[in-house]
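The values are calculated or read from the model by the stated rules, or taken from the named source; none is laboratory data. Everything numeric here is computed off the predicted structure, so don't read it as measured data. Because the Cβ atoms are built from the backbone with ideal geometry, glycine has one as well, and the counts that use them run over all protein chains shown. With ligands, DNA and RNA removed, areas are computed over all heavy atoms of the protein, side chains included. Shrake-Rupley method; radii C 1.70, N 1.55, O 1.52, S 1.80 Å.
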Amino acid sequence: AGVAFGRSECYLERYLERPRHVEVQVLGDLDGTVVHLADRDCSLQRRHQKLIEEAPAPAIDPEVRAALHAAAVRVSREMAYTNAGTCEFLLDEDGQRFYFLEMNTRLQVEHPVTELVTGLDLVALQLAVASGRRLDDLLDRAGDGLRPDGHAVEFRLYAEDPASGFLPSTGTLEHLSLPEGLPGIRVDTGVRQGDVVSPFYDPMIAKIIAHGRNRAQALARMRAALAATRIHGVRTNLD
């Protein structure tokens with residue numbers, strides 16, 4: 001630490017062998033009001049990067065969930081945070097103890113699952129807060145947060161080769177058919193058939209998000225959406 005940073009103080013952090021990655025979406029306004037917009041589970045990862053996310057996080061005791069929400073609101077309120085942000089935590093294998101990991105001071109890739117279970121447009125809320133609007137006027141809530149409606153799952157569709165450790169795959173999207181229009185399915189993408197996946201940018205092709213009245217329905221809709229997706233020209237993580 002002394003050689004690398006010029007200061008020899010060190011933090012000791014507990015090593016968690018089988019943690020879950022659980023995060024809480026927060027929103028703060030210019031008047032100091034901070035609310036949480038429920039939580040997400042982002043434990044399914046590869047190369048230490050998120051791959052599948054869902055909201056709300058499944059199988060968490062109500063007391064632990066409430067404590068996660070309270071911790072996220074507290075840390076945001078203490079620093080007078082304004083904007084949308086995400087407080088990330090590691091939940092221990094026992095499902096009872098959690099540890100603060102970091103805060104992302106922006107919208108994240110997985111924000112659509114929160115939008116679907118809250119019915120909110122987080123981009124619009126960011127703009128409204130930045131213009132001075134108060135959260136009390138923008139949200140219909142109880143206490144410090146909102147109660148999610150149903151369940152949502154997001155799958156990040158990447159041009160990458162699972163057989164090669166999920167390394168990026170480059171080439172032309174010779175055929176691209178995404179499952180737009182299916183019940184409960186949202187697709188966010190910035191590419192079209194014929195576009196080239198280059199080595200210079202993130203190889204994400206699309207985000208496919210499924211919403212249902214419960215987790216089982218959301219997963220069933222996601223399976224149908226993935227089965228209807230067709231891509232040729234690059235290797236992907238679709239299978």
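Ligands, DNA and RNA left out, the accessible area of the chain computed with a 1.4 Å probe is 51% carbon and sulfur. Surface analysis of the range 38-163 yields an accessible area of 47 Å² per residue, using protein heavy atoms and a 1.4 Å probe. For the range 30-150, the calculated P(r) over all alpha carbon pairs, in 5 Å bins from 0 to the bin holding the longest distance, is 2, 10, 21, 26, 22, 12, 6, 2, 0 percent. The share of C-alpha pairs in the chain whose separation exceeds 35 Å stands at 20 percent. All C-alpha pair distances within the range 111-239, sorted into 10 Å bins from zero, spread as 12, 34, 28, 19, 7, 0 percent across the bins. Quick check: the distance between the Cα centres of the range 172-204 and the range 113-154, to the nearest angstrom? The range 172-204 and the range 113-154 have Cα centres spaced 27 Å from each other.
For chymotrypsin sites (Phe, Trp or Tyr not before Pro), the sites in the range 6-84 that DSSP calls loop and that have at most 16 other Cβ atoms within 10 Å are 11, 15. The Cα atoms of the range 88-156 define a convex hull whose projected area, averaged across directions, is 6.3 nm².
Where only DSSP H runs of four or more residues are counted, the chain gives -6500 deg cm²/dmol as its mean residue ellipticity at 222 nm, each run worth -39500 (n - 2.57).
Span-like helix criteria (full DSSP H runs; alpha carbon extent of at least 15 Å along the helix axis; mean Kyte-Doolittle hydropathy of at least 0.0) are satisfied in the chain by 215-227. Remark: spin-label model distance residue 182-residue 3 equals 5.3 nm, labels positioned 7 Å along the Cα→Cβ axis.
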